[in-house]
Amino acid sequence: MRNRKSLIALALVAVIGVVATGSSSARTTSHRGGTLKLLANAAGGTLDPQVNYTLQYWQLYQATYDGLLAFQKAGGSAAFNVVPDLASSYKTTNGGKSWVFTLRKGIKFSNGRPVTANDVVASFRRIFKVKSPTAGGFYNGIVGASKCLKTPATCTLAGGISGKGNTVTINLTAPDAEFKYKLAVPHASILPASAPPNDAGSTPIPGTGAYYFSSYDSNKQLVMKRNPYFHVWSQLAQPDGYPDQITQSFGLTVEAQVTAVENGQADWGYDFPPADRLNELGTKYAAQTHLTPLTAFWYAPMNVNIPPFTSLKARQAVNYAIDRNALIKIFGGPKLATPSCQVLPPGFPGNKPYCPYTKNPGATWSAPDVAKAKQLVNASGQKGAKVVVISANDEVQKAVGVYLASVLNEIGFKATAKAISGNIAFTYPQNTKNHVQINVQQWYQDYPAASDFLHILFGCESFHPGSDSSINMAGFCNKPINAQMNAALKLENTNFPKANAMWAKIDRQVTDQAPMATMFTPKHLDFVSKRVGNFVFSKQFYWLVDQSWVQ
Amino acid sequence: MSGAIVDEVLAPAGGDLAIAAAGPWQLARRRLLRNRVALVMAGLLAVIVALCLGAPLYAHHIAHTDPFRSNLDGTTIANGKRVPVMVQSTQGLGLGVTPIGPTWDVHHYFLGADGQGRDVAARLLYGGRNSLLIGTSAALITCFLAVLVGVVAGFFGGLVDGILSRLLDVVWAFPVYLLAISLSTVLIARGFSLGPLHLTSGSLLLPITIIGLVYIPYVARPIRGEVLSLRRREFVEAAIGLGASNWRLLWSDILPNVVTTAIVLFPLMLAIDMLTEAALSFLSIGVQEPKASWGSIILDGQDLLYTRPAVALAPGIAIALTVLALNVLGDGIRDALDPRAKLRKTKDD
């Protein structure tokens, strides 16, 4: 009797499932087609996925390129999961130093050529040949990488990577628990072996994704069309997209972008809406406005090698004096950001709420302590020191720079604010030759690991004096803390939770040393047109543009 | 004895014979005083300058505000009620913070607040001081150096003229705004050091120097031409014949005759320089925060055009009025100094 009931229930579930699948399939098919029109004030630079390091194009690469592994194409935190992509499976051997991948069969590039192990090997060599910005940071652990970094043109990664049949093996010099993440970012995209051994610039390189870049004019428009050779091999790694075509047009101001989306002339603008339009979006267009918390932080790196911030007290004074709530007002209000004092953002591996720089020190920030800040400036012996606050010249960053200058003046420095072009605002402060004392920056995670914030932004290995590629803008190199970072990286291979606990301690220590003033954790605002449906926001790569439909 | 060419002014029939005996400067002053439009504009300019000079008085004693300090958490009085300077939206998704608009109360944010919660009226007055200071100083540099270069090139001729003229050609070859923007972009980042001269990146001397230098050819060219013409005039040749030295010729015969051109061009250059300063500051490469100029306030207001247009409109109107006043006054001075080249008809003509 019991079995019979179970059988009937099972049959019912099966029938409901078939009906649901059928109706779901019909619904999704009916949404296929149309052109998704995106806007951006300016193009994002080179289209080469192994060179470009902008969110603007990384967002688009999700639908155009694949790696051996991929971050899951899903909403929310599920997007942090790494799943096999061009590889059907993988395993680690040799104590975590060798990664063996089995390639899927039947996958073709958008030019019709099949993906082979040879393409995979060539792609990894190409990371070094094109001097990918993360070649030294993410992929320097591959055997032979150090030679490739010295002489990129002749890079072979001898002993580091090999391909035979459907198997590709990557050998590392040491186990790296974060390597799976590094294989899932666009710089590790698998490209045809025939791809040029230098930055392809505005020439699109064939990819394996659901779309391919059909044309790119950095003054006008970027066009993505359906890849005629694409088929779904993993719904998690590379699902099919809805629109037939996706375009990103350049040249409109942010104001004009908002107006165009309001009027239905475009579907989305890449740039953050201007302050004077936020109220309008939050009231008249609330249904089309999507807010999502980010694993990111806005911070002001203070150069610990240039006065006045050679003094710990001077750096801590800045931290005490900043009114995070005031800064959040510049950003658009408390619905768009939350105050923060530490490096690791909320919800991120290793984050343990910590804020020593507030009126009532504890887990969260409550109010600035200007009196204490003034005391610290006096005690530092740096009172009256001249400080120039550098920021990008866009509306929000410039305003944050002006606010910081105002705060610095209030606590005893003589500060001015200088806004520089957004094109150089990221690299200019990195070069020690430019003598930048304090600047306004943001850091958005590359992958969900504490090291992506702490080790990359404040590790000795990230500080390269005289170079534009010195992401440790504070020039902070604290040997004991750095040793702990390297120990935590090692520990990740065997005990991830314990490693995260160690990162939490490191986060506190770095915060106490104040090589930066953390300001707030931002939320992301996407304003889409009325016709955009199925908005899916991946915490890893933001709005999955191809997963939305326009009809 | 001055070798200036005295206009052949004849006493009008039945008029005051004293006019015929008056010197050229006196005559010019009288002509200027008869030009009512120019006088109205001079008055307007004087009011603007006086208001700007009174900026500290207004900020500290009337508005009780520090226009260089962010005041994002501050409050003020509007319609008898205490209200926040930055108003957080509470409707819908609660996005956006809007600065308070004009209260039309001189004691409390008369023209409203900018994106940093600072008093726009106070910044407008302080900004006017900087705009006028930069414009005036740059125009003085331009006119002084242009007269120097123009007179030396035109008077000595030959190789000296060739070198100076080619130098002017090189500067002239660049579109003036492009040159100013390029120089500002480079120098604003690092400042400028040459021997004992050291200009820090936030110093007002940087925009003053840049703007002052880029316009030199525009004044030096006509002055050089005038000197070339004067060099062949009878009174100069007579002086040469009498054995006058070059120095005496320059000081007594040439300079007094070209200085009127520089005087006429000065208000026009001042207007142009103020516009250039506004353009550079609008592009973030002129006056640097927290200092203000009318151009930088327009830039602040650009981000608030939809909700608080007064922030951009107020300095825009101030620039327009000042430039209009300077141009009309400049024309009046030209009419006064050179009555044969009337630009505007006055009631008395």
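Numbers below:
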{"read-out": "Packing-based exposure ordering (other Cβ within 10 Å, fewest first) of A:Ile438, B:Ile181, B:Ile223", "value": "B:Ile181, B:Ile223, A:Ile438"}
{"read-out": "Lone cysteines, the protein assembly as shown (no partner Cβ under 4.7 Å)", "value": "B:Cys52, B:Cys143"}
{"read-out": "Cross-link pairs beyond the 24 Å C-alpha cut-off, checked among A:Lys383/B:Lys291; A:Lys398/A:Lys479; A:Lys352/A:Lys433", "value": "A:Lys398/A:Lys479; A:Lys352/A:Lys433"}
{"read-out": "Set of lysines with alpha-carbon distance to A:Lys105 below 20 Å, sequence-local pairs under 8 removed", "value": "A:Lys91, A:Lys164"}
{"read-out": "Surface/4 of the Cα convex hull for chain A, nm²", "value": "28.0 nm²"}
{"read-out": "Alpha carbon convex hull of chain B, projected area averaged over orientations, nm²", "value": "23.8 nm²"}
{"read-out": "222 nm mean residue ellipticity, helices alone, for chain B (DSSP H n ≥ 4; -39,500 (n - 2.57); rounded to 500)", "value": "-19000 deg cm²/dmol"}
{"read-out": "Qualifying aspartates and glutamates (Cα of each under 20 Å from Cα of A:Lys180; at least 8 residues distant if same chain)", "value": "A:Asp66, A:Asp85, A:Asp119, A:Asp446, A:Asp452, A:Glu492"}
{"read-out": "Ranked B:Ile297, A:Ile306, criterion: other C-beta atoms within 10 Å, fewest first", "value": "A:Ile306, B:Ile297"}
{"read-out": "Among B:Leu326, B:Leu132, B:Leu93, residue whose mean-square fluctuation peaks in a GNM of chain B (springs only between Cα atoms under 10 Å)", "value": "B:Leu93"}
{"read-out": "Ranked B:Arg30, A:Arg277, B:Arg233, criterion: other C-beta atoms within 10 Å, fewest first", "value": "B:Arg30, B:Arg233, A:Arg277"}
{"read-out": "Inter-label distance for B:Leu324 and A:Arg531, nm, one decimal - labels placed 7 Å from Cα along Cα-to-Cβ", "value": "4.6 nm"}
{"read-out": "At least 30 Å along the helix axis (C-alpha) and Kyte average at least -0.5, DSSP helices within chain A", "value": "A:2-30"}
{"read-out": "Under 20 Å from the A:Thr253 label point (7 Å along Cα→beta-carbon), backbone N, segment B:255-282", "value": "B:275-282"}
{"read-out": "Average beta-carbon neighbours from other chains, 10 Å sphere, peptide B:272-284", "value": "1"}
{"read-out": "Spatial separation of Cα centroids for segment A:218-238 and segment A:504-551, in angstrom", "value": "23 Å"}
{"read-out": "Axial C-alpha extent at least 24 Å, average Kyte-Doolittle at least 0.0 - helices from chain B (DSSP)", "value": "B:36-53, B:120-156, B:255-282, B:310-337"}
{"read-out": "Pairwise centroid distance, computed over Cα atoms, of segment B:53-125 with segment A:138-201, Å", "value": "57 Å"}
{"read-out": "Translational D in µm²/s for segment A:58-207 (Stokes-Einstein at 20 °C, 1.002 mPa s, Kirkwood Rh from C-alpha pairs)", "value": "139 µm²/s"}
{"read-out": "Label-point separation in nm, A:Ser467 to A:Asn198, each point 7 Å along Cα→Cβ", "value": "2.2 nm"}
{"read-out": "Two-decimal log10 I(q)/I(0) for segment B:30-70, as the Debye equation yields it once each C-alpha is a single scatterer, q = 0.17, 0.18, 0.19, 0.28 Å⁻¹", "value": "-0.58, -0.60, -0.63, -0.89"}
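Every read-out reported here was derived from the displayed coordinates using simple, explicitly stated rules and does not represent laboratory data. Quick caveat, the model's predicted, so the values are computed rather than measured. Virtual Cβ from ideal backbone geometry, glycine too; neighbours counted across all protein chains shown.
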